[in-house]
Amino acid sequence: MHYTYHTKNVCSSQIDFDLNDGIVTNIKFVGGCPGNLRAIGKLLEGQKADEIIAKLKGNMCGYKKTSCADQLALALEEANHPRK
C-alpha cells in the first residue's frame, strides 16, 4: 500500500513510501537535503518497517527535536501500527 506522510519541523515537507507485509520500498522525500535523503531511501529499501523504526526513531537534527530520519520512523510507525 502507498503512504504519504506530511512531515513536521524539518526541511523535507513530505515522505512517500510503500509498505507491504511490513516491508518498506520506494521511499521518497520531498524537499530537504536531496543527496542524504536519497541515500537513506536506498539504504533502507526492502527492510522491515519495525527495524527501520528501531534504528531511526529519536534521531535529532541539530537543535531540532526531530529529523527527516525521525519523521520517517514516525510515518512508518503510523502506517505499520495504525491507531484504532
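The values are calculated or read from the model by the stated rules, or taken from the named source; none is laboratory data. Source: prediction; values computed, not measured. Reconstructed Cβ throughout: ideal geometry from the backbone, glycine too, with neighbour counts over all protein chains shown. To get the accessible areas, we keep the full protein, side chains included, count just its heavy atoms, and leave off ligands, DNA and RNA. Shrake-Rupley method; radii C 1.70, N 1.55, O 1.52, S 1.80 Å.
Please give the length that would be gained between Ser13 and Asn80 if that part of the chain were fully extended, namely 0.36 nm times their separation in residues minus their C-alpha to C-alpha distance (nm, one decimal).
Details: separation 67, 0.36 × 67 = 24.12 nm, distance 2.05 nm.
Extra length available between Ser13 and Asn80 comes to 22.1 nm.
Can you pull the percent of Cα pairs in the chain with separation above 14 Å?
Numbers: 2003 of 3486 pairs.
Counting pairs separated by more than 14 Å, the tail of P(r) holds 57 percent.
How much net charge surrounds Ser12 when only the other residues with a Cβ under 13 Å from the Cβ of Ser12 are counted, with Lys and Arg +1 and Asp and Glu -1?
Its environment carries a net charge of +2.
Rounded to whole Hz and in sequence order, give me ³J(HN,Hα) for the stretch 7-17 from the Karplus expression 6.51 cos²θ - 1.76 cosθ + 1.60, θ = phi - 60°, writing x for Gly and Pro.
Using θ = phi - 60°, the values come out as 6, 9, 6, 9, 5, 6, 9, 7, 10, 10, 6 Hz.
What percentage of all Cα-Cα pairs in the stretch 1-42 are separated by more than 14 Å?
Counting every Cα pair in the stretch 1-42, those more than 14 Å apart make up 45 percent.
Ignoring ligands, DNA and RNA, what accessible area per residue does the chain give at 1.4 Å, in Å²?
I get 63 Å² per residue for the chain.
Over the chain, what percent of the accessible surface lies on carbon and sulfur atoms, probe 1.4 Å?
Percent of accessible area from carbon and sulfur atoms in the chain: 55.
If you average the sequence gap of Cα pairs under 8 Å that are 6 or more apart and divide by the length of the chain, what percent do you get for the contact order?
Details: 140 pairs, mean separation 21.6, N = 84.
Result for the chain is 26 percent.
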